[in-house]
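Novice: My structure is below; once you've seen it, I'll send some questions.
The values are calculated or read from the model by the stated rules, or taken from the named source; none is laboratory data. If you're wondering where the values come from, they're calculated on a predicted model, not measured in any experiment. When we count neighbours, we look across all protein chains shown, and the Cβ atoms used for this are built from the backbone with ideal geometry, even at glycine.
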Amino acid sequence: MMTLTELIDTHKLTEQQPAHIFGSAPSVKNAKKMRLSGIKIGIGDMPWRAPEFGPYNFWVTSNTWFPLPWDKKHYKIIENTRAKVLISSVCANSETGKNNLNRIISELKKLFAFNNIVMYDHRHIRGKYCNIYTDEPCCMLSRYFNLGDTIQDKLADFTNGNCKVNVSTSAPVNSLILAILLGCNPIYIHGIEIPQKMSEYKYYKNWKNINGFKQKGLLLLQQYLPFYRSLKTDFSGEYTEELLSIFSLIGKTATQSQIQIFSTSETSPLNQLSGYNYLRL
């Protein structure tokens with residue numbers, strides 16, 4: 001098992017290469033029209049959902065449900081991708097209680113020899129933990145494994161303080177930061193949208209889901225029943241504004257560093273931001 005610092009030190013490019021970042025929105029299929037040379041970075045569950053865009057070099061996650069390395073089924077999927085899989089310390093928040101955390105730590109310690117798993121932190125910026133009085137599982141995991149600087153801290157250092165992201169970020173943002181830290185240029189973003197309503201919340205290979213029939217039933221409700229279709233997503237409202245402001249800050253910094261970023265989705269809100277260019281395919 002590696003840390004983010006070890007990953008960057010080991011894999012930082014000596015010569016620029018393009019990077020392709022694959023999100024799970026249906027528009028990711030536009031990437032099939034390109035010659036996909038360079039570094040490939042999968043977001044969320046994409047290396048499992050869409051192996052045809054691989055082989056992936058890196059797999060960036062930042063959630064509490066998949067992949068969890070201590071789950072035997074998930075571990076097998078991680079192993080089969082042969083990618084460097086970035087697992088956030090927030091994965092520990094999927095199970096609560098000290099007994100569960102001890103089990104998670106014990107299982108993760110067994111993976112030290114498996115250097116395809118990269119533990120990283122994107123929540124505790126500049127060492128600021130979640131709660132003053134009681135540590136959350138993610139805090140304890142970060143401290144136990146001495147994960148060091150967050151990915152946002154590393155971006156700030158990389159840009160000599162010109163790009164300071166002071167909030168917890170999502171896998172799409174973390175994937176873009178990773179591409180920049182590795183020295184990739186240009187960077188192509190495929191399949192990243194910010195759906196506002198459940199009716200818009202669709203995936204590439206929409207009915208393929210790691211959680212099986214239960215999740216498929218939920219998708220059916222969200223996308224076809226009128227009441228559920230109109231519900232707001234977790235990305236809507238103030239979070240949309242926050243997310244776009246983070247992408248905008250990174251885009252402006254990329255421009256200053258002469259890094260080109262292209263979006264291949266005509267409907268992506270990234271196209272409206274400085275530093276991002278829509279690439280019609």
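Novice: Out of (1) in contact with a Cys (Cβ under 8 Å, 6 or more places away or on another chain); (2) modelled with pLDDT of 95 or more, what's the single condition that is false for C139?
Specialist: Failing condition for C139: (2).
Novice: Another question about this same structure. Does segment 3-21 include one or more residues that are modelled with pLDDT of 95 or more, assigned to a strand (DSSP E or B) and of a type outside the set (G, A, S)?
Specialist: Within segment 3-21, one or more residues are modelled with pLDDT of 95 or more, assigned to a strand (DSSP E or B) and of a type outside the set (G, A, S).
Novice: With T64, T10, T5, T14 as the choices, which residue is surrounded by fewer than 23 Cβ atoms within 10 Å (Cβ to Cβ) and over 25 Å from F112 (Cα atoms)?
Specialist: T14
Novice: Tell me the residue from L101, L111 that is touching a residue at least 60 places away in the same chain (Cβ under 8 Å) and either farther than 20 Å from V173 by Cα or not basic (K, R) (or both), please.
Specialist: Going through L101, L111 in turn, just one is touching a residue at least 60 places away in the same chain (Cβ under 8 Å) and either farther than 20 Å from V173 by Cα or not basic (K, R) (or both): L111.
Novice: Would you please name the residue that is surrounded by the most Cβ atoms within 10 Å (Cβ to Cβ), looking only at residues in segment 171-211 that are at pLDDT 95 or above and among the small types (G, A, S)?
Specialist: Looking at residues that are at pLDDT 95 or above and among the small types (G, A, S), I get S175.
Novice: Let me ask another. If you go through segment 22-38 one residue at a time, how many are out of contact with any helix residue (DSSP H, G or I) (no Cβ under 8 Å at 6 or more places or on another chain), part of a loop (DSSP other than H, G, I, E, B) and of a type outside the set (G, A, S)?
Specialist: 2
Novice: Also, I was wondering about something else. Which of the following residues is of a type in the set (G, A, S), modelled with pLDDT of 90 or more and surrounded by 20 or more Cβ atoms within 10 Å (Cβ to Cβ): S106, S88?
Specialist: Every option except S88 fails the conditions.
Novice: Applying the selection to segment 25-50, what residues are within 16 Å of the chain's Cα centre (by Cα) and either of a type in the set (D, E) or surrounded by fewer than 17 Cβ atoms within 10 Å (Cβ to Cβ) (or both)?
Specialist: Across segment 25-50, the qualifying residue is only D45.
Novice: So, one more: So how many residues does segment 131-158 have that are within 27 Å of T253 (Cβ to Cβ) and surrounded by 17 or more Cβ atoms within 10 Å (Cβ to Cβ)?
Specialist: So the count comes out to 12.
Novice: Given the criterion at negative phi and surrounded by fewer than 22 Cβ atoms within 10 Å (Cβ to Cβ), identify the matching residue among F53, F22.
Specialist: One residue alone meets the criteria, F53.
Novice: While we're here: Give segment 233-271 a look and list any residue that's of a type in the set (F, W, Y) and in a loop (DSSP other than H, G, I, E, B), or say none.
Specialist: F235 - this is the single residue of segment 233-271 that is of a type in the set (F, W, Y) and in a loop (DSSP other than H, G, I, E, B).
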